[in-house]
Amino acid sequence: MSVELHLPDLPEVPISLGPPRPAPGRVPLSWHQRLREALGAYLPLLLMALLALASWWLLKNAPRPGSQAPTPLVSSAPDYTMDQFVLERFDPRGRLKLRIQGQRLQHFPVTDRIDVDQAEIRAIGADGRVTTAVARRALANGDGSEVQLRGGAEVRSIDGAGQAVVIRGEFLDLYTVTEQVKSPLPAVVQYGGDTVHAAGLEYDNPARRLVLQGPLRAELAPKPRP
């Protein structure tokens, strides 16, 4: 047995290949409106990421407790040079207390020292005593209170008794304020008519004290009979 069903004919629906129409009741957004909505949605996340990055950078570069700031590099080269110069220093009353002259002067800022070629020095003590010194080379600190004489060094002074004192050597350390001369190297001392060769010495002019290091060799002038 067979059964036949007859369905009613359905109306044909036209198919449109064009762009879909917007849903009723919603207006399409332009590209800048869509960009604004995207920024509004992601801007808080972007700001939080930037704040986290800034906090990490500050924590990494913040100075640690006990750490010191890096010391700026200072050049070891001289910052100024003078030729055929004369350098003078005065006391608060305007009286000359030190005069250094030579063929060439170089100042080194790292150690605040001056290097002088063919140096000639004249120091005047508080009591007016004059000490002079010469050397092929002299190294002095900033205020000139200590001068290291190198090469053909010679220091001349007058002690408290009015006797001339001459010290010669290849290295003499002269203290212009305290009127002292020291040397760990061989030196020759002339006092009056006597000459002493020593392996080293320490001389204090105001105290009239001379300490000699052996071996010693002395040449004593004969004393006149009374």
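Some observations on this one:
- Solvent-free Debye scattering, log10 I(q)/I(0), computed from the Cα coordinates of the range 73-226 at q = 0.17 Å⁻¹: -0.98
- Surface composition of the range 81-131: carbon and sulfur make up 45 percent of the accessible area, probe 1.4 Å.
- Each peptide in 167-178, 101-112, 212-223 was scored by the mean count of other Cβ atoms within 10 Å over its residues; highest first, the order is 167-178, 101-112, 212-223.
- Residue-normalised accessible area of the range 158-207, given per residue in Å² at a 1.4 Å probe: 42
The values are calculated or read from the model by the stated rules, or taken from the named source; none is laboratory data. For clarity, every value in this text was computed on a predicted model and none was experimentally measured. Every residue, glycine as well, gets a Cβ built from its backbone with ideal geometry; the counts of neighbours run over all protein chains shown. Please note that ligands, DNA and RNA were not included when accessible areas were found on the heavy atoms of the full protein model with its side chains. Shrake-Rupley method; radii C 1.70, N 1.55, O 1.52, S 1.80 Å.
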